[in-house]
Each structure stands twice: as structure tokens, then as C-alpha cells.
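Chemist: Take this structure, written in C-alpha cells, and hold onto it; I'll ask about it next.
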Amino acid sequence: MDKKKDITKRYTKMASTIEDAKIYDGRGTYDLYECEKCGRNKITTYAAKGVTPFIIRCSCGGLMQHTRSFKNVPDYIRVFRWKRPTLEQTMKLSKGMMEHVLNGGLVLDIDDEDLEERRKYEEY
Ligand SMILES: [Zn+2]
């Protein structure tokens, strides 16, 4: 079986059925993840419907756990987005990440860790 063809087939099927899938739809909500090691936190939202992990890795090496959800957050809060990689991006992922995406998983858009370092969302 052609691997690339197989991935394309699975991706297309996932993308065409995800809207009707009976899974949690986090669009329009904001999730707070807090690091148990350094206390840093991160607010995320969904750019697409899909599966997200309960725990994400913090830049300090610790683990961030999803602790709370909000209906909205103030404008000045940096919000990271859970995105569905395109088929082309999916092809370049590691085997584990690719499997996650093909199963409806989303990937966190982390484009600027430095900016994140400078901000603290203590009020949340
Ligand atoms: Zn941390």
C-alpha cells in the first residue's frame, strides 16, 4: 500500500466526517492550562473541531494541565489556537503526531514562545 496515498485517504475521510462526529466541540470556548512545575499558564481556543490533549508540555520541561474553561477572555490575553494541520503539514509530522491528526487531533499553534515567556496571566 502506498503510504502517501493511504495518509491522504485517511486525512480526507477524517476531514469530511469530523463536523458530524460525536465529539466535544471546543470552538467559542477558552481553556486554561497551568504548569504544575513553574506555574506558567496558557490560554487556548479551538480554530477547528477536533480532539485536544488534557496535558501539554511547558517550555520549562514540566507538564501543563487543563484546569479551567472560560466563555471569553479579555482582548489583551494571548490566546493560542488548536489548529488542524493541512494534509501537506500532516505528511511532515512525526509518526505519533500524524496518527493523532488522522484521528481528528488538533495541533497547538506555538509560534512565539518568547512572547509567552514575558506574559503572566496571574489574574486567571
Ligand atoms: Zn512550566
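The values are calculated or read from the model by the stated rules, or taken from the named source; none is laboratory data. Remember, predicted model here, so these are calculated numbers, not experimental data. When the accessible area is computed, the model is the full protein with side chains, heavy atoms only, and any ligands, DNA or RNA have been set aside. Shrake-Rupley method; radii C 1.70, N 1.55, O 1.52, S 1.80 Å.
Chemist: For T12, T29, T90, what's the largest-to-smallest order of accessible area, 1.4 Å probe?
Modeler: T12, T29, T90
Chemist: Please compute the length gained on full extension between I18 and I77, using 0.36 nm multiplied by the number of residues separating them and subtracting their Cα-Cα distance.
Modeler: 18.3 nm
Chemist: Can you check how the C-alpha radius of gyration of the chain compares to 2.2 N^0.38 Å, as a plain ratio?
Modeler: Expressed relative to 2.2 N^0.38 Å, the Cα Rg reads 1.14.
Chemist: Sort E34, E19 by accessible area with a 1.4 Å probe, largest first.
Modeler: E19, E34
Chemist: Just to check I understand the Karplus step: with θ = phi - 60° and J = 6.51 cos²θ - 1.76 cosθ + 1.60, what whole-Hz values come out for the stretch 47-55, glycine and proline as x?
Modeler: 8, 8, 7, x, 8, 10, x, 7, 10
Chemist: Order the following by accessible area, largest value first: F54, F70. Probe radius 1.4 Å; ligands, DNA and RNA are ignored.
Modeler: Per-residue accessible area, sorted high to low, gives F54, F70.
Chemist: Ignoring ligands, DNA and RNA, what accessible area per residue does the stretch 3-118 give at 1.4 Å, in Å²?
Modeler: Value returned for the stretch 3-118: 61 Å² of accessible area per residue.
Chemist: Follow-up. Ignoring ligands, DNA and RNA, please state the percent of accessible area on the chain from carbon and sulfur, probe 1.4 Å.
Modeler: Here it works out to 51 percent.
Chemist: Also: Note down the accessible area of K3, probe 1.4 Å, to the nearest 10 Å².
Modeler: Result for K3: roughly 130 Å² accessible.
Chemist: Now a separate question. H66: accessible area at probe 1.4 Å, nearest 10 Å²?
Modeler: Accessible surface of H66 is approximately 50 Å².
Chemist: With every protein chain in place, what's the accessible area of D2 (1.4 Å probe, Å², nearest 10)?
Modeler: We get 90 Å² for D2.
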